[in-house]
Each structure stands twice: as C-alpha cells, then as structure tokens.
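What follows is a set of notes on a single structure, which appears directly below.
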Amino acid sequence: DALPISTFQFQFSDGNGAGDITTAWMLLNTALTTLHGCEVVYNSSTGNLYLVTDDGKHFVGWVTPGVAGTQSNSQCSIDGGSSTVNTSGSSISIALNITFQSGLSGYTKIFADVQDSSAQHPGWTLLGTWLAGSIPEEPPVVGSITAPNGSFATSGTFQFQFSDPNNAQHITTAWMLF
C-alpha cells in the first residue's frame, strides 16, 4: 500500500560552483544503510535521478526531473514529473517527489552526501528525521488551563492540559509563563 506523497528539498553546494558537483546522494531510511531504504542518486552528467534497489547495490532505473515517469522499489517511488533539479551559483537544489510504500514507515532518518569532480565528498550527513506513515505528523495542541479560585489569590494550583494527535510521547517540552 502506498502512503501519501511527500516532497523533500535538498540543497548541495560547492565552493568551485555548482558545475563542479558530479553526484549527490539522498537516503531516507531508519538507519544509515542503503539496504531496504529509499536512496536516490543524482548524476549531473546525465541530469537524471536514479533509484537504488532494495539490496542497495544497483539501480532500479532512472527518471528525468520534470519529465513524466516513475521508478519504484519496495520502500518508495520517485516521480520524475514533479521532481526538480535547479542550479544557481554554487548550489544545486533537488526537490524529490516521493511516495513511500508501507515497508518504510515510522521515524525515518534523512541523509545526504555530495561529490565533486575531484572525487571529494564530506561523507553522509544526517539532515533530520521524518515520520513516514499513513498518519501525517501534526503539531501539539495547548488545551486548557484551570486557575485557582478567586481573582486575587496569592497562591494556588494551576492545571494545564496539552495534547498531541500523534501521541503524548511526542510532547517533549511544555512552557508555562506567569
């Protein structure tokens, strides 16, 4: 079963200009492994986006950004028609339109790496995490406050209620200012 479509934005820079970037790797997986992940490789000489197979060793195929077509593995599908690659100055911006399969769900880490014409690359960088699944991440809600009786009390118990539609464990901090 396919999950909702998401667009991920990546930006890669090179001090020698965007033309010096030869390859960019984008990986969404629960850990830093290409095995059973959603890895996409951008090749600047072809301008194509390549989806990696489930075993992490080969390409399923490629799509050309802005041209209709999709490629899929067991974890995700990439849509070429709504994915874009743009260069400006020293940067390449890649917007990947991804549909996740139910095999990749839960908290997913987002990694990236980039290589220049001298084969220099910084190594995989963890960019963040994302909740992949059928339930979209929603923000927490400030619920209600119950103040002590009396409008001029000098002490009392205040009760606050906070909720999160994703689960109470998603609430990491609550601030109350008096």
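Residue count for the stretch 2-54 satisfying the condition of being modelled with pLDDT of 95 or more, closer than 18 Å to Ser74 by Cβ and not aliphatic (A, V, I, L, M): 3.
Conditions tested, residue by residue: (1) outside any loop (DSSP other than H, G, I, E, B); (2) open to solvent by less than 50 Å² (accessible area, probe 1.4 Å); (3) in contact (Cβ under 8 Å) with a residue 60 or more places away in the chain.
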| residue | (1), (2), (3) |
| --- | --- |
| Trp25 | yes, no, yes |
| Thr34 | no, yes, no |
| Gly61 | yes, yes, no |
| Gln71 | yes, yes, no |
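With the condition kept exactly as written, say whether any residue in the stretch 106-129 is of a type outside the set (D, E, K, R) and modelled with pLDDT under 65. For the stretch 106-129, residues of a type outside the set (D, E, K, R) and modelled with pLDDT under 65: absent. Scan the stretch 83-104 for residues that are part of a loop (DSSP other than H, G, I, E, B) and either more than 16 Å from Phe8 (Cβ to Cβ) or at pLDDT below 95 (or both) and the total you get is 5.
Mind telling me which of the residues Thr22, Thr7 ends up being touching a strand residue (DSSP E or B) at 6+ places or on another chain (Cβ under 9 Å) and closer than 28 Å to Tyr107 by Cα? The unique qualifying residue is Thr7.
Scanning the stretch 92-113 for residues that are farther than 19 Å from Trp124 by Cβ and either in contact with a Leu (Cβ under 8 Å, 6 or more places away or on another chain) or surrounded by fewer than 19 Cβ atoms within 10 Å (Cβ to Cβ) (or both) yields Ser93, Ala95, Thr99, Phe100, Gln101, Ser102, Gly103, Ser105, Gly106.
The values are calculated or read from the model by the stated rules, or taken from the named source; none is laboratory data. Computed from a predicted model, the values in this text were never measured in an experiment. Neighbour counts are summed over all protein chains in view; Cβ atoms, including those assigned to glycine, are modelled from backbone coordinates with ideal geometry. For accessibility, only protein heavy atoms count, side chains too; no ligands or nucleic acids. Shrake-Rupley method; radii C 1.70, N 1.55, O 1.52, S 1.80 Å.
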